[in-house]
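Report on one structure; see the data block that follows.
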């Protein structure tokens, strides 16, 4: 499936459904270490409680669908208005990702994702019927803080770009699971800065913001 510009003609509700399904495919595998460790703390009603945990986790990423839709709409409008404007937006998206990759907040969230024991200590104190949803929300917010700038790259690559989905899911997994994940995250920042420069000379590096994509859809 190739890249498509903007919201791909979807309204907000349809886009957010698509976004939630996409995040389920891309992000839940990277949450597996924490989920597996959390599952070992559950003795009774495992299926129901793990479903509640997954629901809490996905609530975070589903809520992110609203700003993602706004970004998709704005980027699509920019690509339609002028190829140059689309390129400017692409530069901003790539550069913002590179900058965020180097911030303390990014590495605080990444460290929480890479060391699930510290999160387990916190969520083990949760009580009541909503404790599993709260645990999912807790884990999800660190995951979002770690990865939101990477997911924003989908606006540049195209929200239905299968290769971008696979590539970004792989980047997230390596950051979280590789012993040198923090160093890898800094390398990702360097790549993002390189793309921010490269897209000026080759707009096709951001197919989701390349005016050609909109022309092709209009001709169809």
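Consider residue 85 carefully, then state whether it is surrounded by 18 or more Cβ atoms within 10 Å (Cβ to Cβ), without any contact (Cβ under 8 Å) to a residue 60 or more places away in the chain and under 27 Å from residue 11 (Cβ atoms).
no
Kindly indicate the residue of the range 159-207 that is within 18 Å of the chain's Cα centre (by Cα) and assigned to a loop (DSSP other than H, G, I, E, B) and also modelled with the highest pLDDT among those meeting that condition.
206
Looking at the range 103-116, which of its residues are loosely packed, with under 15 Cβ neighbours inside 10 Å and in contact with a helix residue (DSSP H, G or I) (Cβ under 7 Å, 6 or more places away or on another chain)?
Listed by number, the list holds a single entry, 105.
Just to check your reading of the model, which residue among 131, 180 is within 20 Å of residue 63 (Cα to Cα) and surrounded by fewer than 18 Cβ atoms within 10 Å (Cβ to Cβ)? First the steps, then the outcome.
Numbers: 180 fails: within 20 Å of residue 63 (Cα to Cα).
Going through 131, 180 in turn, just one is within 20 Å of residue 63 (Cα to Cα) and surrounded by fewer than 18 Cβ atoms within 10 Å (Cβ to Cβ): 131.
Hey, any hits in the range 25-36 for a residue that's closer than 18 Å to residue 146 by Cα, within 17 Å of the chain's Cα centre (by Cα), modelled with pLDDT of 90 or more and not in a helix (DSSP H, G or I)?
no
Take the residues in the range 117-128 that are in a helix (DSSP H, G or I) and either in contact (Cβ under 8 Å) with a residue 60 or more places away in the chain or in contact with a strand residue (DSSP E or B) (Cβ under 9 Å, 6 or more places away or on another chain) (or both); name whichever of them is surrounded by the most Cβ atoms within 10 Å (Cβ to Cβ).
Taking the candidates together, the pick is 123.
Looking only at the range 74-98, which residues are under 15 Å from residue 154 (Cα atoms) and either modelled with pLDDT of 90 or more or in contact with a strand residue (DSSP E or B) (Cβ under 6 Å, 6 or more places away or on another chain) (or both)?
87, 89, 90, 91, 92, 93, 94, 95, 96, 97, 98
The values are calculated or read from the model by the stated rules, or taken from the named source; none is laboratory data. If you're wondering where the values come from, they're calculated on a predicted model, not measured in any experiment. Neighbour counts are summed over all protein chains in view; Cβ atoms, including those assigned to glycine, are modelled from backbone coordinates with ideal geometry.
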